[in-house]
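Single-structure report; data block below.
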Amino acid sequence: MSGISKSDPANKEFVPTSEWLKSSEKRIAKKAGLKVKGGNTYGRKGWGTKISQFLGDGRSAAVVGKGFHESNHYVQAALLRRQFEAGDGIDLSQCIDDQGVKDRVYREDYIRFRPELFKHSETNPVSKRNAMASRLSRAAHKFHGACEFMAAPTGFLQTSFKNLTTPNANVKGTTNRIGMVMSLPLIGVVTTSVTMGFNKIPHMKDKALGLTLGGTAINYTIGAFAMAYSALSAAFGGLGAVSALASQAVLSKDALTDYQKGEVIKDHDTLLKKIDAILSHTRRGSQGHSMLSQALNRKIGADFRDPRTGEPALLKALTLAYDSSADQATRLRTIQRVVGQYLAAPQTPNVSKSGPMAVLRDYQHARALLTKESHFVALCDLIDHSDIKAAPDITLDARRTAEAGVEKLHRKGLVPGAQKVLRWMPGFRNSNFDKHLTERQSDDFKKNQDKKFKTECLQGRHITSVQRILDLHHQYSKPTVTCARFGEALRRVSLDVVLAQNAQLSRAFFNVFYRINKMIGTSPASRTINMALGRFAGGAVLTAIMATLTFVTGGALHALHVPVIAGTGLKMGATTFSFLAAGVMMFACNLVGLGLTLAAKTMAATGGYKGGSAKPRPSNFEDPKAAGWNQNSRLSMV
């Protein structure tokens, strides 16, 4: 294709590193229903892993990150289709003026995270309406950040406490668990005291934060604690949705500026090189290719697969046409041609230009195009995702920015400050601990520590580490592993169920809105708008649930004349702590989990460790489908 004449992908920056390839392998394995067992060994996920991933996935940060990448993939899909339809001799920048490409560029998910493309300047003369649309979209993102603060204040404070004190601690380790148990009571005092402050506002105490039952006023902390935060979360979610919809209403789908075209072409070149890298890495017939096919089949229906092998038609066309021995420019042009041909508009029935049948024809045509685009996006999702490389900082909401700022304060403020003080001590300068403090200030310190820890575990060290017990469980006795697993399960319950009540409800509503939009819409469903709607609905429903629980339990306890209970909480001095508050339930889960963790470490140190027995692996290296994919198998990606 001559579409790369102005911007040859072969001359672009992206170079697939071994780290990128390994991260892509893990992403492909994850979507294929496998998990990494170590090195290049993959196996079927157990129920524990599936439940853990189900509860942990789908959070707002993951949805926002996916929205950032996915919005670009849809732009590139429309561009590749238009480039193929235009034929040879048409420059890529001319194809960008196509209406289908502009429809994808002016989507909310694309506008929100690329404000520089819609900011008016001499080199980027966008219209006032589109500049306003970008500002409204960024305002929606700010509302989303406020919503995240209100959805789980306990989670924000707990994460901030960890980032300030022990940011490098393993989340499954004992240090982190002790930190959670120690911090949660203090966090409970802070969050409860803040909301109890509403009681001091004139005319608010009895009207807003109390109820009357049998002529007796009952002050219910759960109303102040959970209802206030979830109601505010719902309000900010609603404001975010309104602002995003207003952004879409204001914008005008003008011709793209030269600056905008240049940025789209850069992303186009980078994505092509990523596809080229993964096709070269998972050559046809390899086990890695089978994993890639299995991962894509979860997103591509049976109508678009080879009826004999079950291989997705898009992947089959790419791998059959791909020649790894050709030069890079030729390989990239092959990818452009094959993908463009796959995405090309289907033939439409010859019906009248107006009337109900024409409307139905246009709708079916748009749905057919969107379906093919979604297949290409599914392929891109395996190699261009936040699991592989974190989305840029522009996608971070206010809460995540604050949490990262606290960690930076530890790394760039507390550690250097302590180091300067300690250097006044004789013999400290240039000591091992001094060098360690210098290393802790590096942005890559935690990543390097994690690599070092994994290497040392494989060498037989850290035998009492909970992470090692969980990862190399075959080397430990069953009671040791059982205690470690139950302790980890309680930690996940406290984070992904107790703390994430609002998040899980919002996630459920997000999935409903998103899937309805995806099923009937003629353009890609917006993840950011549907997330805001989900937050609004989830927060509102949680508020209603908490209000009902407060009334029912508060009335029952009052009828039983339980003296230490006010509403649904334990009264300590002038403050009432709700038994239904997230911090209280998290504290209970983590306290029991800490006990189980310490028991596992004790058993590992006193006979629970059986030694460095090798993990059994099958002796054959057959195709994973032939092996059933039920047993651990060493899968070579090439």
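The values are calculated or read from the model by the stated rules, or taken from the named source; none is laboratory data. What you are looking at is a predicted structure, and each value in this text was computed from that prediction instead of being measured. Cβ: placed from backbone, ideal geometry, glycine included. Neighbour counts: every protein chain shown. Each accessible area value is taken on the protein alone, full model and side chains, heavy atoms only, with ligands, DNA and RNA left out. Shrake-Rupley method; radii C 1.70, N 1.55, O 1.52, S 1.80 Å.
Mind checking the full-extension length gain between Ile90 and Ala588? Use 0.36 nm per residue of separation minus the Cα-Cα distance, one decimal, nm. Could the numbers behind the result be given before it?
Working: separation 498, 0.36 × 498 = 179.28 nm, distance 6.56 nm.
Once the chain is fully extended between Ile90 and Ala588, it gains 172.7 nm.
State in Å² the accessible area per residue of the stretch 110-153; use a 1.4 Å probe, count heavy atoms of protein chains only, and round to the nearest integer. Could you put the intermediate results ahead of the total?
Numbers: 1980 Å² over 44 residues.
With the other protein chains kept in place, the stretch 110-153 gives 45 Å² per residue.
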Links exceeding 24 Å between C-alpha atoms in this model, out of Lys31/Lys274; Lys274/Lys299; Lys30/Lys299; Lys35/Lys142; Lys389/Lys447; Lys26/Lys274, come to Lys35/Lys142
Of 173-180, 236-243, ordering from highest average Cβ density within 10 Å down gives 236-243, 173-180
Residue-normalised value, i.e. accessible area per residue, for the stretch 342-470 at 1.4 Å probe, in Å², stands at 60 Å²
Nearest-0.05 FRET efficiency for Ser286 and Ala404 at R0 = 60 Å, using Cβ-Cβ distance, is 0.95
FRET efficiency for Asp471 and Lys435 from the Cβ-Cβ distance with R0 = 35 Å, rounded to 0.05, comes out at 0.75
Descending accessible area (1.4 Å probe), largest on the left, turns Thr165, Thr123 into Thr123, Thr165
In whole angstrom, the spacing between the Cα centers of the stretch 59-91 and the stretch 136-150 equals 25 Å
Expected unfolding gain across His365-Ser121 under the 0.36 nm per residue rule, minus the alpha-carbon gap, is 84.1 nm
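Taking all protein chains as present, what is the carbon and sulfur share of the accessible area of the stretch 125-190, in % to the nearest whole number, probe 1.4 Å?
Details: 1970 of 2630 Å².
Within the stretch 125-190, the accessible surface is 75 percent carbon and sulfur.
Please sort by residue number the trypsin sites (Lys or Arg not before Pro) in the stretch 425-473 whose DSSP state is loop and whose Cβ has at most 15 other Cβ atoms within 10 Å. Intermediate values should be presented prior to the final figure.
Working: sites: Arg429, Lys435, Arg440, Lys446, Lys447, Lys451, Lys452, Lys454, Arg461, Arg468; in loops: Arg429, Arg461.
Qualifying residues, ordered by number: Arg429, Arg461.
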Nearest-0.05 FRET efficiency for Asp444 and Lys420 at R0 = 25 Å, using Cβ-Cβ distance, is 0.65
Toy charge model, Lys and Arg Cβ at +1, Asp and Glu Cβ at -1: the stretch 292-339 dipole around Cα centroid in debye, rounded to 20, equals 120 debye
Expressed as a percent, the accessible surface of the stretch 72-113 that is carbon or sulfur, using a 1.4 Å probe and the full set of protein chains, is 38 percent
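I'd like the chymotrypsin sites (Phe, Trp or Tyr not before Pro) in the stretch 384-459 restricted to DSSP loop residues with at most 12 other Cβ atoms within 10 Å, sorted by number.
Numbers: sites: Trp424, Phe428, Phe433, Phe445, Phe453; in loops: Trp424, Phe428.
Taking the stretch 384-459 and a limit of 12 other Cβ atoms within 10 Å, the loop chymotrypsin sites (Phe, Trp or Tyr not before Pro) found are Trp424.
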Pseudo-spin-label distance Ala321 to Lys412, built 7 Å along Cα→Cβ, given in nm, is 4.7 nm
